[in-house]
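First the structure, in the form of structure tokens, and then the observations on it.
Here, each number is a calculation from the coordinates, and none is a lab measurement. Not measured: the values here are computed from a predicted model. Cβ: placed from backbone, ideal geometry, glycine included. Neighbour counts: every protein chain shown.
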Amino acid sequence: MDKFIVRGGNRLRGSIQISGAKNATLELMPAALLAPGTYSLRNTPNIRDVWTMSRLLGSMGIHAELNDGELFLDTRNLTSQEAPYEHVKKMRASIHVLGPLVARYGYAKVSLPGGCAWGPRPIDLHLKGLERLGAEIELDSGYIIARAERLKGTTITLDVSSVGATFNLMAAATLAEGKTIIVNAAMEPEVTAAGRFLQKMGAEIEGLGTSGITICGVTDLMPSDETTIPDRIETATLLAGVAMTGGEVTLQGTNPYHLSFIIERLEEAGCELDVNTNEIVLRAPDQLKPVSITTAIYPGFPTDMQAQWTAMMACAKGVSTITEKIYTDRFSHVPELARLGCDVEVHENRVIIKGGKSLKGATVMSTDLRGSVAMVLAGLIAEGETDVLRIYHLDRGYERLEDKLRSLGADIVREKTEEF
Ligand code: EPU
């Protein structure tokens, strides 16, 4: 296993290129199941979750190869419509193959994802929606088995605006007979990006980026190439790091429109931001101000930035609160931040941070991707050495994070550990 050793105290300065979006890529790759052929997906991040999705697709006979940000996919020789537990347990987004497989091949067998480090993450909306589209769903020995001759368009109202369910149902509906309307659809840029890709493949979709998506089913789709959108959470994570260290950085190849809510909160915290079409410059103040946030669906404050914002607020002088509305117990990072000296407490789904105390390096770890990166951010300002263990969580979603941070002046190295 690898760990990071971070020595705090350096201001981040310079400029850095943002990678392609993990969560968009994890929809584009399964979407390619809908039309057998070859695909080139540019700006694909070289991260563990992409490797896991490649292995999962590989177990179905699909060839996936990533070279210099270009992911080549050959979906012509599908040999299995099954997503085995060994892959699904590593990454819940494996469920994204369900809709495309049942729509294109009339059959899918996908392992139930099970629990998650921060509590239950149900998939009932995916299953109910597919049933409304006419699929027969059976649960057997930990697997979802879905069958359909041809799906039939219908109206599906999601109880909760779900990113994954919107993707699965939108993708499935592209090949259904007739019209499907998804009400309370997710508006996240990654879902919109997947919808645009499906449109390029020949799907008839309207309403992308709104809470009502209409899909008119077609009989066939064709392969298409695509360039993945920039990762808004990587962008926001780095912005938080720069703000915490009092630095000044230019982030290139990003999309500021996907980050407007966070940009405004960073301004409230005292940062100066220059925003251009695909670039953000952030100049941090000498002292950050506390800014309370509540997570929400897009365009609100993303749950995937909650842990990093908590670390950032530990540097702001004064009290702030973070209220988590999407995953109400996503707080595995909080006790670890406390080990670094943050004055931080959880009350139900709210974190209270009394910021401005100096942090001291320690050995820490978190049980999820965003929690792990929050430890790295805290390590950047802690006095002395912070060892962040089990960074395989972090490697799921951040491409060469240590190289990027080092190029901005951080003192961070990756080392192998004996830990099991
Ligand atoms: N929900 C249900 N039933 C369902 C599906 C979702 O009740 O069938 C609830 C969830 O429990 C949650 C809410 O709906 O309270 C939203 O969950 P959603 O389905 O939108 O999440 P997801 O699709 O499983 C994606 C991202 C997550 C991100 C969430 C929320 C991917 C691969 N994952 O997950 O990203 O936190 O949307 O924005 O796109 C991350 O990148 O660190 C990450 C966890």
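Let me know the shape class of segment 91-199, please: from the alpha-carbon gyration tensor, a ≥ b ≥ c as square roots of the eigenvalues, rounded when a/c is under 1.5, otherwise prolate if a/b is greater than b/c, or oblate. Cα axes put segment 91-199 in the oblate bin. With θ taken as phi - 60° and the Karplus curve 6.51 cos²θ - 1.76 cosθ + 1.60 applied, the whole-hertz 3J(HN,Hα) list for segment 177-186 is 7, x, 9, 10, 10, 9, 9, 6, 5, 5 Hz, x standing for glycine and proline.
About the centre of its Cα atoms, the chain shows a dipole size close to 320 debye [charges on the beta carbon of Lys, Arg (+1) and Asp, Glu (-1) only; nearest 20 debye].
Shown in residue order for segment 402-415 are the 3J(HN,Hα) couplings computed by the Karplus curve 6.51 cos²θ - 1.76 cosθ + 1.60 at θ = phi - 60°: 5, 5, 5, 5, 5, 5, 9, x, 6, 9, 9, 10, 9, 9 Hz (x for Gly and Pro). Where is the GNM fluctuation largest for the chain (alpha-carbon springs, 10 angstrom cutoff): Glu27, Glu336, Glu86? Per the Cα network of the chain with a 10 Å cutoff, Glu86 tops the list.
Within the shell of other residues whose beta carbon sits under 15 angstrom from the beta carbon of Ala203, the net charge comes to -2, with Lys and Arg scored +1 and Asp and Glu -1. Only beta bridges with both residues in the chain are counted; by DSSP, about 75 percent of them are antiparallel.
The label point for Tyr85 and the one for Leu112, both projected 7 Å from the Cα toward the Cβ, are 1.1 nm apart. Candidates Thr237, Gly8, Asn278 compared by Cα position along the dipole of the chain: farthest toward the positive end lies Gly8, with charges placed on Cβ. Mean sequence separation of contacting Cα pairs (under 8 Å, at least six apart), scaled by the length of segment 1-71, corresponds to a relative contact order of 31 percent. Computed over the chain, the P(r) curve from all C-alpha pair distances, binned at 10 Å from the origin, holds 5, 23, 32, 24, 13, 4, 0 percent per bin. A straight chain from Thr417 to Glu138 at 0.36 nm per residue would run longer than the Cα-Cα distance by 96.1 nm. For Arg396, nonlocal amide neighbours, meaning residues 5 or more places apart or on other chains whose placed amide H falls under 5 Å from its own, are Arg48.
Relative contact order of segment 291-375, taken over Cα pairs closer than 8 Å and 6 or more residues apart, is 33 percent.
Computed per residue of the chain from DSSP H runs no shorter than four, each worth -39500 (n - 2.57), the mean residue ellipticity at 222 nm is -8500 deg cm²/dmol. Summary value for the chain: 21 percent relative contact order, contacts being C-alpha pairs under 8 angstrom separated by 6+ residues. First check a/c for segment 31-107, with a ≥ b ≥ c the square roots of the eigenvalues of its C-alpha gyration tensor; if it is under 1.5, answer rounded, and if not, answer prolate when a/b is larger than b/c or oblate otherwise. Taking the square roots of the gyration eigenvalues as a ≥ b ≥ c, segment 31-107 is oblate. Checking the a/c ratio against 1.5 first, then a/b against b/c, what shape does the Cα gyration tensor give for segment 325-393? The shape class here is oblate.
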